[in-house]
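A quick write-up on the structure given underneath.
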Amino acid sequence: MSNNLSKILPPEGNQATPERKTVQTLTADDCRWPFGDPLVGVFYFCGARRRDGSPYCDHHIREAFQAPKPRATVHRPQLT
Ligand SMILES: [Zn+2]
């Protein structure tokens, strides 16, 4: 689990990292791209100014488009 966490969290001490927001501090204008994992006790949102019409900032809009899409043949859990 700790290996996964080091991959999804930004490097420590990087001052370019946007402000961290929690569920309590996130506002309607903040990017809600999630970092971390609530299961391991480290979880926050990007918090940068979001782009109109999108829940994410410019940077994370791009990341969302680059994320590998699940193949159509992948089993999907049924929503009941
Ligand atoms: Zn963002």
Practice problem: For D37, list long-range residues whose amide hydrogen, built 1.01 Å from N in the peptide plane, is under 5 Å from its own amide hydrogen. | Solution: V42, F43
Quiz prompt | From phi via Karplus (6.51, -1.76, 1.60), per-residue ³J(HN,Hα) for region 28-38 in Hz, x at Gly/Pro | solution = 5, 9, 8, 4, 10, 5, x, 10, x, 8, x
Quiz item: Under a Cβ-Cβ cut-off of 10 Å, what is the net charge of the residues other than I61 that fall near it, where Lys and Arg count +1 and Asp and Glu count -1?
Solution: +1
Quiz item: Using θ = phi - 60° and the Karplus form 6.51 cos²θ - 1.76 cosθ + 1.60, what ³J(HN,Hα) does each residue of region 56-62 get, whole Hz, x for Gly and Pro?
Solution: 10, 6, 3, 4, 7, 4, 5
Quiz item: With a sphere of radius 15 Å drawn around the Cβ of C31, what net charge do the other residues whose Cβ falls strictly inside it have (Lys, Arg +1; Asp, Glu -1)?
Solution: +1
Quiz item: Sequence-distant or interchain residues sharing an amide H contact under 5 Å with R51, placed H: which?
Solution: Y56, C57, D58
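Less than 14 Å Cβ to Cβ from F43, Lys/Arg counted +1 and Asp/Glu -1: what total charge do the surrounding residues give?
+2
Bear in mind that the values in this text are calculations on the coordinates, not laboratory data. Keep in mind it's a predicted model, so treat the numbers as computed, not measured. Every residue, glycine as well, gets a Cβ built from its backbone with ideal geometry; the counts of neighbours run over all protein chains shown.
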